[in-house]
1. Can you name the residue in segment 66-82 that is assigned to a loop (DSSP other than H, G, I, E, B) and closer than 21 Å to GLN467 by Cα and is also most open to solvent (accessible area, probe 1.4 Å) among such residues?
2. If a residue has to be open to solvent by 50 Å² or more (accessible area, probe 1.4 Å) and either in a loop (DSSP other than H, G, I, E, B) or modelled with pLDDT under 95 (or both) to count, how many in segment 179-232 make the cut?
3. Can you tell me which of GLU176, GLU171 is farther than 19 Å from GLY233 by Cα and not in a loop (DSSP other than H, G, I, E, B)?
4. When residues of segment 431-458 are filtered for being under 15 Å from PRO41 (Cα atoms) and acidic (Asp, Glu), how many remain?
5. Do you know which of the residues in segment 111-139 that are acidic (Asp, Glu) and closer than 30 Å to LEU286 by Cα is least open to solvent (accessible area, probe 1.4 Å)?
6. Out of the residues in segment 374-387 meeting the condition of being more than 23 Å from VAL283 (Cβ to Cβ) and among the small types (Gly, Ala, Ser), tell me which one is modelled with the lowest pLDDT.
7. Report whether or not SER128 is within 25 Å of LEU187 (Cβ to Cβ), assigned to a loop (DSSP other than H, G, I, E, B), modelled with pLDDT of 95 or more and of a type in the set (Ser, Thr, Tyr).
Amino acid sequence: MRSSRVPQALTCGLAALLAAGCTGDPEPPAPSPEAEPAPLPTSFAGEAPPGVEGEVLRYLHGDSAQAHDILDDPLGVRISPVGESFLISSGGEDRHLLHDAATGATLWEGEARFRGFDSAADGARVLSMADADGVPFVLDSRGEPVWEPQEEGDAYLDGLAVRRPEGWSAEEPHGEFTLLDADGGELWSYEFAEPEEPEESEESEEPAGDGDGADGDGGAGEPGPGVPVAARGDMVVLASGGPSLQARSVAADTAGEELWTVDGEDAGLDASGPLLPPQVMGVYPLPGPEEDGGADGDGEARGEDGEDEAVVLLRWAQPEAPSTLSAHDPATGDLMWTLEEPGANPVAGAFDPAGTVGNLYDASTGVLLLPQASGEATTVAVDLAGGEVLWGLEEEAGSISPAFAFDGLVYGDSRGSTGADEQLVLDAVTMDVVGDDLSAYVEAVTEDGYAILVHDRQRFVYGPPPQEGPSEAPADGPERDGDPSGAPGDGG
């Protein structure tokens, strides 16, 4: 006997239709009560990821969070570390908040366009902003004004202000330049003169001697001052548009004095064609010896004169050949090492300011992660003290995207087998996996180790308990319900 194979659910459905045909329209089902979303957790039930130490200090979402309303933006927020604070930026509008990582105090809030991160004269991270009229201004990590232009066209550069010739452009770069300190005081004025056309004469065929014209600004074979592209402390780095860079002093008693000149040919670079202008990648401090935490016990290397040891990193790029990195002593310009990168990288403009988007530097190990435009690796980890590539993320590992580095670790996003992004923690020196399958996601970490952990739809601030004492929020800072502009010079 053949048995029926009609599914029970279908049988019940047919019976319901027959019943409806006999008895009229069925009564509508009683509406089911809408399921209310589970409340946001207020306690941290996960485990702290590698590199994060301390305890939960507060949570940032929910009616009981006692957090700023910017965190309730329906389009979300972006959180970035800056010094010992968190910069919280609205996803829906140009609103920003500086949040003290240790205490949760509001240091600064305002409506402004965030232009990116820049550097102070000592290398500290600062915020480059612009008000509603497009006027730039700079804030430090505590929300204090660092710089605002004294005249229209003034530009901020690593703790200095640059006043360029009116109508300046990279195509017409010459003219009178003035360098000022952050308060607008003049440090040094000079002319970037156009090179003179050589005059033809009967004597021009004679070999050039070692005459007096070989020395001084703009003399034969000597480049004169150029366009400021980087600065650190009392030093400014100038580019003249050719394959060389020059460092000059901006100290009060030696302003304009030449410190050093770097030329690609003198550095012994093996180029397949004419050398193009180098790009300043940045000035990076070097870590001290691991066994004693540096000569001064603070983890930073010290030179013979007591100054922190650092490197000026340059990239020499060519259109269709691997680019080359060169590291130089910022005090003397002496070449420390050169290193060929895996592939060709974009050629920078002759007067582009220092820095490359995407750089990740771990100051505790001296490892710099550099994205690559071509070659076998999408990112390489470079030891800035030794001048070697420690490891690289090859094409097949391209699903790993480094996000930031902190205290010897690299935190990156990895596309898992489910298609969802997961966080992966790598050793900065060896690339060994230190943590994966984490229960909490590290969104940001400040210089002093305060982290924002994302777990179960909630953000938790995790770190060492703050020391007792008065809040470090500026006493004259903008009130929470006051004028939100907060830009220097407008009374906010």
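The values are calculated or read from the model by the stated rules, or taken from the named source; none is laboratory data. What you see is a predicted model, and the numbers here were worked out from it, not measured in a lab. Here the Cβ is made from the backbone with ideal geometry for all residues, glycine too, and neighbour counts use every protein chain on show. All accessible areas refer to the heavy atoms of the entire protein, side chains included, with ligands and DNA or RNA removed. Shrake-Rupley method; radii C 1.70, N 1.55, O 1.52, S 1.80 Å.
1. GLN66
2. So the answer is 27.
3. GLU176
4. 1
5. Filtering first and then ranking leaves ASP118.
6. It comes out as GLY375.
7. Taking the combined requirement at face value, the residue does not satisfy it.
Let's see how each residue does on (1) closer than 26 Å to VAL52 by Cα; (2) assigned to a strand (DSSP E or B); (3) at pLDDT below 90; (4) open to solvent by 60 Å² or more (accessible area, probe 1.4 Å):
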| residue | (1), (2), (3), (4) |
| --- | --- |
| PRO402 | yes, yes, no, no |
| TYR462 | yes, yes, no, no |
| GLU468 | yes, no, yes, yes |
| GLY482 | no, no, yes, no |
| GLY486 | no, no, yes, no |
